1. Does region 8-35 hold any residues that are part of a loop (DSSP other than H, G, I, E, B) and farther than 26 Å from Pro72 by Cα, and which are they?
2. Take the residues in region 74-93 that are surrounded by fewer than 17 Cβ atoms within 10 Å (Cβ to Cβ) and assigned to a loop (DSSP other than H, G, I, E, B), then tell me which one is nearest to the chain's Cα centre (by Cα).
3. Just one of the numbered conditions (1) closer than 22 Å to Thr35 by Cβ; (2) assigned to a loop (DSSP other than H, G, I, E, B); (3) over 19 Å from the mean Cα position of the chain (by Cα) is not true of Arg70; which one?
4. Which of (1) part of a loop (DSSP other than H, G, I, E, B); (2) free of Cβ contacts under 8 Å to residues at least 60 places away in the same chain is the odd one out, the single condition Asp128 does not satisfy?
5. Can you find a residue that is surrounded by 16 or more Cβ atoms within 10 Å (Cβ to Cβ), at pLDDT 90 or above and under 14 Å from Ser174 (Cα atoms) anywhere in region 206-214?
6. Mind telling me which of the residues Arg149, Arg163, Arg179 ends up being modelled with pLDDT of 70 or more and either among the hydroxyl-bearing types (Ser, Thr, Tyr) or part of a helix (DSSP H, G or I) (or both)?
7. Can you tell me which condition Leu102 does not meet? The list is (1) closer than 26 Å to Thr35 by Cα; (2) in contact with a helix residue (DSSP H, G or I) (Cβ under 9 Å, 6 or more places away or on another chain), and all the others hold.
8. What number goes with the only condition from (1) in contact with a Ser or Thr (Cβ under 8 Å, 6 or more places away or on another chain); (2) at pLDDT below 95 that Leu111 does not pass?
Amino acid sequence: MSDHSAIEWTDATWNPVTGCSRVSPGCANCYIERTPPFRIEGRRFVRVGVEDTTGVRLHPERLEQPLRWRKPRRVFVCSLADLFHEDVPDEYIARVFAAMALAPRHTFQVLTKRPERARAYLDERRKDAIHDTIDNGGLDFKLPAEVLRLLSSARNSWSPYFRWPLPNVWLGVSIENARHTWRADVLREIPAAVRFISAEPLLGSLFDHAHSPLCPRSVSVAGECRRISCKAPLDLTGIDWLIVGGESGPGARPMHPEWARELRDACLAQCWGCRNGFDMELYSFVGAIDHADDEPCTRSTAFFFKQVGGKTPKSGGRLLDGRTWDEMPVGRS
């Protein structure tokens, strides 16, 4: 847990859960297992037997941490775990969401490789579970004064200040290759203020080159007009943000820049039709894809490019085709 983070797309990390287990190829060189606390304690991410817990641990003493942070920030939730891991009880997930609901000044980024459980859990009934967790003292810590004032001013508990899905919680899935693009389909079925994809580590193209021709579209990239390659199977409909990055650390598998270009172009193409007849250019300010008349397309998919893996993965930087891609989603109204 850290009030500051070296991760480019977030400001802080918060780990009310730590530990995980491998579910797909992107987990093979998991950075979490290489961190000193996990190495020292020998917490491995491979199930040995039916009773093995894979080292997943709950840290209820950390639930209150974001409520103590006064300055608004983006918070990566469970950067050392998967909140929707099968070893995390439903009741504890409710406590995590209750803490996020009570800290509306922060934006919480929840990333999972288990969207099926997230879909089963995050239905309308969970609003009542989160209400009950707060009203019945389920958080097990003393609430800050400003939160107590908020609750005491509500006529019917705290419900006048509550919306579902929580407007300050972004939900994302990890997709490392074309075999796991189905996670985006499940994500679209989950209520969330912002939905995002982390294509990191990107281990291959997320598009089927064999069956999809180029779309009749063009955009302006680095001052040049180029055609957009919108290829199946990845569908970015309803996705607000895309993070792309290569693998880092010992044994890092290489990432081809063309795989990132395909995703960048698909993000640009998402906004086509909002202002039909205009080429689009992705500007470097936070928030949106703009058109020629500077009218923002606020429902477009933002693109964030991290680095290119390989023999020297840290040398890739965040440049792609001569510019840094660091857009952030603007969310939904």
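1. Within region 8-35, Cys20, Ser21, Arg22, Val23, Ser24, Ala28, Asn29, Cys30, Thr35 qualify.
2. Selected residue: Glu86.
3. (1)
4. Answer for Asp128: the failing condition is (1).
5. Yes: region 206-214 contains one or more residues that are surrounded by 16 or more Cβ atoms within 10 Å (Cβ to Cβ), at pLDDT 90 or above and under 14 Å from Ser174 (Cα atoms).
6. Arg179
7. Just one mismatch for Leu102, condition (1).
8. It is condition (2) that Leu111 fails.
The values are calculated or read from the model by the stated rules, or taken from the named source; none is laboratory data. Since the model is a prediction, treat every value here as computed from it, not as a measurement. With ideal geometry, Cβ positions are generated from the backbone for all residues, glycine too; neighbour counts draw on all protein chains shown.
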